[in-house]
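First the structure, in the form of structure tokens, and then the observations on it.
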Amino acid sequence: MYTLPGRPQLLRDEPRLGFSPVRLETDVSIETLALESRVNYSKLVTVEHNVKVLFIGRILAEDMGIVDAAVNQCWAGKVRKDSGRSQKPRYGGP
């Protein structure tokens, strides 16, 4: 992920990343992302109502297809890997 008008760059000795970079348009002109900013598409987090967040911008609409495909691919792989585990309920139940 990178902020406009910048361009994404790999870090020194960094392996090629699995997905195309995504552009972030910031709402606050002083906010920027560090060059090391990466998105872990297989680790989604639900933001609860009591968690403070700071919205600094939005992903460009043209790049949402990259995000959708990356999340779907990561979660499809995770479901296949987890499918061999025991299917015991996590919270109560028999």
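Read the figures in this text as sums done on the coordinates, not as results from a lab. Bear in mind that the values here come from a model prediction, so they are computed numbers and not experimental data. All Cβ positions, glycine included, derive from the backbone under ideal geometry; neighbour counts span all protein chains shown.
A few remarks follow.
- Straightening the chain between VAL71 and VAL47 buys 6.9 nm, computed as 0.36 nm per residue apart minus the Cα-Cα spacing.
- Lys, Arg +1 and Asp, Glu -1 on Cβ, resulting dipole of region 3-42 about Cα centre, debye, nearest 20: 200
- Packing, as the average of other Cβ atoms within 10 Å across residues, places the peptides 7-17, 58-68 in the order 58-68, 7-17, highest first.
- Estimated distance in nm for a label pair at GLU25 and ASN40, the labels positioned 7 Å out from Cα along Cα-to-Cβ: 2.9
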